[in-house]
Every structure is written in structure tokens, then in C-alpha cells.
Amino acid sequence: MPEQPARFSAADENLHASDPDEWSWNESWYFSFIDLDGGPAGFFRLGLLPNQRRAMLWCFVHVDGAWLGVEETRLDLDHFDLAAGHSYDRWALRFGWRPEPPLDGARFTFAGTLLARSGPGAGAHVPVSIDLVCAATSACVGAAPGAGTAYPTDRFEQSLRASGTVVVDGVERQVRAGAHRDRSWGPREWRLPFAIGDLQGGDRQLYFVGSPRYGRGSGYLREGSGEPRRLSWAGGTVGYDDKARTITPGTLRFESADGEPIEVELEPIMPSVCFDMAHTCQEPEQWPYWRTLVAARVPGWDGPCRGWFEASRYEPR
């Protein structure tokens, strides 16, 4: 692994001091994985909200053409072990992210009952467990820190590989995955329109965040063990099907720092997973916010790959 930038340290794997005057202060651990052999894909997000004395959890798995998931938006903050990363074990729900070692690897575990959201078993409650060992394939990629508070805020992305097992209703599946994580701490305003994408192909990853509507955004392209190359989002033809909570097939155009064009083809391959967002606002407000699996083609990659597309379709009232 390359030497980590001084901007981040082992301490950034753990809880940071929070501004007591910021209602929305959020400490977030996000992790996603996509099996490179067509098997399970999943994502997990834990957001600690110290000034609300609660935590919110998303954990979703796509397996055998169906979405299984759990949303817990009112977990008690006092029930977490935050000595190293985080862990939780209450009421038949257990999960944890343990850095091993910090900024270079981690073990992710989850065990609980997920609700089948799609597929022939939709509506059933299904026992699911996940046990993955993760290793960094890039240094942390820093984003612009937040502003508006005297307390330190920051954010980073990191490419990973993950291996282990996903067990669904007693059936074990081996996982060899491209993976990704996001760490952030600071005020969190959810009421924004944006899109996030993460495409995984063997030892390659293309990650982006921005707005298809305005053709603006940024990201990075990682190939092998090399340093991620910064990208700018230059436009595209991808549109939204708001009724179905998904995108339309199309292309996104990116440019590398030296002006090289990169045109990516995207097509949704599964119904989306939609989230309850009302609890994220002091004055409850609901809007379409969803994530879907996509099939993608990236120039120079061997064949099609799978990835994520997440969108907040917020419109100011």
C-alpha cells in the first residue's frame, strides 16, 4: 500500500468530537461490495447522530434477483461500542466495522433479519449474516471538508477488495468482491439533489458524485494498484424515471485531468431500494431517495461490470 496522506490518521477510523450546537451532526461509516463473479452485492451505512442521541442504519443485500434489507432509524446511541470502529449487539441485531489495521483493512460483520423487498419471497423476513475481510486497494481519497462549524469535519473515500461469506436463510455463498467505503463526520444536510455511482470491474473501480441534470461532478478511476486518477463529470444522456425510482439507460461522460474522455454506458438491472428520509430533517419532509444496481460498460475494461447508482431527487418546497 502507498503511504497514507498525513491528512488522515488511524484516529479517523473512530468517533470524532461533535459540535453540540449542530442538530444534524453525523458520524458516518459507509461500506458496499459487489461480488465479481455475479454473486451477492450489498451496502451498509451507519450514521451516528450524537445530538439526537440516536443512530440510523441501512443494510441491504441483493441475492438471487431479490433485495433484502433493514432500515433502523432510531437505534439508541448508548448501545454502541465505539472503542475501535463500531459494533452493536442488541435485540437480534448484530453488526460491526473493526479496522484491522486502521486505514488499511477491516472486518465487517452483520447478522439479523432482513425484509425481502422484491422477488418471489417479497414480504418475508429472512435471516442473513455477512462476514467479510476487507483490504484497501488505494489510499484514502479526500473530499472537500465541510464548513460552518468550529469543530473539525472531513470526509474520505477508499477503494477496497473484500472476501468472505454471505449466508441467506441458511445457504452460504462465497464472496470475492470489489468494494468501497466512505467515512465522514460533520453536519449533514440531506435535502439536496445529487447522484452517486460506483462501478466495480475486477481490479478496477470508477466512482463519481454529482448531478446528471447539470452534468457536473467529480470522481476517480482506479486501475490495478496505481493511484486513483481524478475525473470530472462532463455530461451525459442518463435520465430519471421518477415513477419507477430508477434511471433510464444512457451514457455518462467523464474527463481525466489530462483531458482524456471516458464515456460510460449505464443500464438499470434491478428495481431500486427506496429509503425513508423524513427523520433526517428537524421538520419532517419526504422525497424520493433510492439506490439501484446497474450494468455498465467502461472503455478499456474487460466486458460489462456491475455497479451502484444512488440518487436523491429532492426538490425544494
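The values are calculated or read from the model by the stated rules, or taken from the named source; none is laboratory data. These numbers come from a predicted model, not from an experiment. As a convention, Cβ positions derive from the backbone with ideal geometry for all residues, glycine included, and neighbour counts pool all protein chains shown. When the accessible area is computed, the model is the full protein with side chains, heavy atoms only, and any ligands, DNA or RNA have been set aside. Shrake-Rupley method; radii C 1.70, N 1.55, O 1.52, S 1.80 Å.
What is the list of residues in region 64-81 whose amide nitrogen lies under 17 Å from a point 7 angstrom out from the Cα of residue 115, following Cα to Cβ?
In region 64-81, the label zone of residue 115 (backbone N under 17 Å from the point 7 Å along Cα→Cβ) covers 66-75.
Using the Karplus curve 6.51 cos²θ - 1.76 cosθ + 1.60 with θ = phi - 60°, what ³J(HN,Hα) values do you get for each residue of region 17-24, in whole Hz, with x for Gly and Pro?
The phi angles translate into 5, 10, 7, x, 8, 9, 3, 8 Hz.
Could you point to the residue in 284, 301, 314 farthest towards the positive end of region 269-316's charge dipole, with +1 and -1 charges on the Cβ of Lys/Arg and Asp/Glu respectively?
301
How many Å² of accessible area per residue for the chain, probe 1.4 Å?
Heavy-atom SASA per residue in the chain reads 43 Å².
How about region 128-198: which GluC sites (Glu not before Pro) there lie in a loop by DSSP and see at most 14 other Cβ atoms within 10 Å?
189
Using a 1.4 Å probe on the protein chains only, how many percent of the accessible area of the chain belongs to carbon and sulfur?
Accessible surface attributable to carbon and sulfur in the chain totals 50 percent.
Give the long-range amide H neighbours of residue 8: residues separated by 5 or more places, or on another chain, with amide H under 5 Å away, using H modelled in the peptide plane at 1.01 Å from N.
Distant-sequence amide H within range of residue 8: zero hits.
Once you have a ≥ b ≥ c as the square roots of the Cα gyration tensor eigenvalues for region 1-59, tell me rounded if a/c is under 1.5, and otherwise prolate or oblate according to whether a/b is larger than b/c.
On the way: a/c = 4.31, a/b = 1.33, b/c = 3.24.
Here region 1-59 falls in the oblate category.
Could you order the peptides 7-16, 43-52, 64-73 from most to least packed, using the average number of other C-beta atoms within 10 Å per residue?
On the way: 7-16: 14.7, 43-52: 19.7, 64-73: 18.1.
Result, highest mean Cβ count within 10 Å first: 43-52, 64-73, 7-16.
Using r as the Cβ-Cβ distance of residue 237 and residue 169, and R0 as 45 Å, what FRET efficiency do you calculate, to the nearest 0.05?
Details: r = 40 Å, r/R0 = 0.89.
About 0.65, to the nearest 0.05.
Between the DSSP loop rule and a limit of at most 14 other Cβ atoms within 10 Å, which chymotrypsin sites (Phe, Trp or Tyr not before Pro) in region 75-136 are left?
When the chymotrypsin sites (Phe, Trp or Tyr not before Pro) of region 75-136 are filtered for loop state and at most 14 Cβ neighbours within 10 Å, 91 remain.
Binned at 10 Å from 0, what are the whole-percent values of the Cα-Cα distance distribution for region 32-131, short to long?
For region 32-131, the pair-distance distribution reads 14, 44, 32, 9, 0.
Can you classify the chain as rounded, prolate or oblate using the Cα gyration tensor, where a ≥ b ≥ c are the square roots of its eigenvalues, rounded means a/c under 1.5, and otherwise it's prolate if a/b beats b/c and oblate if not?
Cα axes put the chain in the rounded bin.
Just the number, please: Stokes-Einstein D of region 204-294 in µm²/s, Kirkwood Rh from C-alpha pairs, 20 °C, 1.002 mPa s.
In µm²/s, the coefficient is 145.
Taking H as built 1.01 Å from N, whose amide H comes closer than 5 Å to the amide H of residue 105, not counting residues under 5 places away?
Amide H neighbours of residue 105, under 5 Å, 5+ apart: 100, 136.
Can you bin region 159-317 into rounded, prolate or oblate? Criterion: square roots of the alpha carbon gyration tensor eigenvalues sorted a ≥ b ≥ c, rounded for a/c under 1.5, prolate for a/b above b/c, oblate for the rest.
Since a/c reaches 1.5 but b/c is at least a/b, the shape of region 159-317 is classed as oblate.
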